[in-house]
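Written out below as structure tokens is the structure these notes cover.
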Amino acid sequence: MPKIQLLDESTINKIAAGEVIERPSSVVKELVENSLDAGATEIIVKIKQAGKKQISVIDNGLGMDKDDLILCIKKHATSKIRKIEDIYSIFSYGFRGEALATIAEVSKLEIISGTRDSDVSYKLTLDAPKPNNLTPQTKYLGTTINVYNLFYNIPARQKFLKSDSYELKKIAELIKTISVANYKVRFKFYSEDKLIFDFKVCEDIKKRIKDVFNFDVFESEYKDPVVNAKVYFTNYADVKDLYQEKQIFYVNNRAIINKTMSFAVSKAFESKIPKGKKPNVFVFLDLNPKVIDVNVHPQKLEIRVKDNNTFFYPIYNALKNKLEEGLKQNLELQKTKIISLISESKTEYNSKLDLEIPQKNISQKDIKSENQKLFDVVVEEKFRFKVLGQYNKTFILVEDENESLLLIDQHVAEERYNYENFLESYSGKNYLEKQILIVPILLEFSAEDLHVLDGLKDKFLEFGLEYTILKNELVLRTTPIVLGRIPDKLELKEFFIDIINNLDVNKNKFEDLKNKILISLACKKSVKADTSLSIFEMNKIVDNLFKTKSPYTCPHGRPTIIELNKTEIYRKIGRL
Ligand code: ADP
Ligand code: MG
């Protein structure tokens, strides 16, 4: 082992920086929180190249005078606490006095700030090798912080950043989350000088949630001497798709991650809404700062309390009471609905029966032998496999030529087959043929997603997806011919979101994008899990799977088949 050595200051600082500043959105978080702590009522965030090139946060808060400006970028320099006990009575977001020092360590930083009392403002320029520079500016009340070239001096960290679309989304989500808790503050967000959103000052949280997420929410409250809980939630039926699901937890207006709180929400909703459905929930807990410790996580994303019940019961009670009240009111309505559902399903059942038994005088046995005959033909041709049935409406059970038992995942099997077909079709021409939709499909997305999709227009066109971007929606005009059936809105939305959320590796490399699009399209064309299939359909899926180049893995590299060989099975049962 080499000898122990003390690390130099710069290395120590860079290592420490990694815990607080992980990516552009962490810079935005620290700067916006500082603006809020400074009492700003308007905060503007501007980014270039998803914050990798530039992040600017402009506020109209109290500002800093010349002396504070020099101090603020020093380590452990804070105006928010004086002694350790203070952190247990704190209502400000910051207190460790490390954010600006850290950001200064890993970027080129510039701060312009002025207070009410001073006649001029000052600009502090921090360009690492040069001495710090302080220049007078025209008077301005508030603070502007410009962060250029994040991680320019730590290439390894730069490499860990994901694509621009991913980092941009992270920033947008962060501002949205903070803005809900701070509805009295106006937030504007620009990317490449384009206004992405502008949340004006609101009278209450409900209105802010509506502006930010476009949900209408119910409100319920629970109070006891220790805690005050306010919960805002949507009707689960309003959650249009998975990507709209939002559950955000705030303690003393600070967004945090906490398992007990999520658990309280799911417990309260349990059996009150259909399984698998989730409402959007925003929880605000107000606790005496004395009972919590926010200093347990470098980014203050977690909070510790003595007793986790402090997190559980207020939320659970607030929701449970309100939901039960709501359920009672809906009971009569539901009763009539259930009755009509019963009569509907009855007719459906009958019609299914009609389909399955084509002629009444054919007995079950005859049908079986008919099937057997069909099968015999295949056997005579060349025995490759025999479909035995379906398990859990998700796996096809197959006996193969080696007498092994195969469990084939129906979805991934089709996905593999479709993917190879799409790839072949694309590789021939370097594009996918498109079919024009008679009625264009309108898909709603968030402003930041539309911004990203706008930039990817030409890429998607290559894959047969032509669209234009309007203010709040994407107008899809074509789909690739290979896709066959036109997916529904939800599936299309999932498809687009899936692509832009996963544009992560190595800065939008084209090969990655191509594969992701082809895989996602293949996925959309393939039969889902939990779908009953006929013997005929199962035969086709298995047959197609064995025609592919790599039948044993899905395009993501996961297995398509679980194989149990004969010896294994016989041994397990004790016959060998
Ligand atoms: P902390 O927020 O933990 O105190 P920071 O490094 O984030 O530490 O900021 C250091 C100090 O700089 C703050 O305590 C505050 O006095 C001052 N400061 C930072 N940003 C602003 C701002 N936007 N407006 C006014 N003062 C600020
Ligand atoms: Mg701070």
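Observations on the structure shown:
- Where a residue in segment 308-323 is in contact (Cβ under 8 Å) with a residue 12 or more places away in the chain and its partner, wherever it lies, is polar (S, T, N, Q) and in a helix (DSSP H, G or I), with Cβ under 6 Å and at least six apart: Asn308/Thr260; Phe311/Thr260; Phe312/Thr260
- The listed residue being within 16 Å of ligand 2 (Cβ to nearest atom) and within 17 Å of Lys188 (Cα to Cα), out of Ser56, Ser25: Ser25
- Total residues in segment 528-576, condition in contact with a Leu (Cβ under 8 Å, 6 or more places away or on another chain) and part of a strand (DSSP E or B): 4
- Residue check for Leu443: out of contact with any Cys (no Cβ under 7 Å at 6 or more places or on another chain), crowded, with 17+ Cβ neighbours inside 10 Å, more than 30 Å from Leu388 (Cα to Cα) and without any contact (Cβ under 8 Å) to a residue 60 or more places away in the chain: yes
- Among the residues of segment 28-52, the ones that are surrounded by fewer than 21 Cβ atoms within 10 Å (Cβ to Cβ), within 12 Å of ligand 2 (Cβ to nearest atom) and among the β-branched types (Val, Ile, Thr) come to 0 in all.
- Apart from one condition, Ala264 fits all of (1) in contact with a helix residue (DSSP H, G or I) (Cβ under 7 Å, 6 or more places away or on another chain); (2) closer than 29 Å to Ala40 by Cβ; the exception is (2).
- Among the residues listed as Gly114, Gly97, the single one being free of Cβ contacts under 8 Å to residues at least 60 places away in the same chain and within 16 Å of ligand 2 (Cβ to nearest atom): Gly97
- Check on Phe91, modelled with pLDDT under 95, under 23 Å from Arg304 (Cβ atoms), surrounded by 15 or more Cβ atoms within 10 Å (Cβ to Cβ) and among the aromatic types (Phe, Trp, Tyr): no
- Members of segment 59-96 found to be closer than 22 Å to Ala255 by Cα, near ligand 1 (Cβ under 8 Å from one of its atoms) and among the acidic types (Asp, Glu), listed by number: Asp59
- Checked against (1) surrounded by 13 or more Cβ atoms within 10 Å (Cβ to Cβ); (2) at pLDDT below 50, Leu353 meets all criteria but (1).
- Single residue of segment 544-576 satisfying the filter (free of Cβ contacts under 8 Å to residues at least 60 places away in the same chain and charged (D, E, K, R)) that is surrounded by the most Cβ atoms within 10 Å (Cβ to Cβ): Glu568
- Residue count, segment 198-233 (criterion: in contact with an Asp or Glu (Cβ under 8 Å, 6 or more places away or on another chain) and part of a strand (DSSP E or B)): 7
The values are calculated or read from the model by the stated rules, or taken from the named source; none is laboratory data. Just so it is clear, the model here is predicted, and its values are computed rather than measured. When we count neighbours, we look across all protein chains shown, and the Cβ atoms used for this are built from the backbone with ideal geometry, even at glycine.
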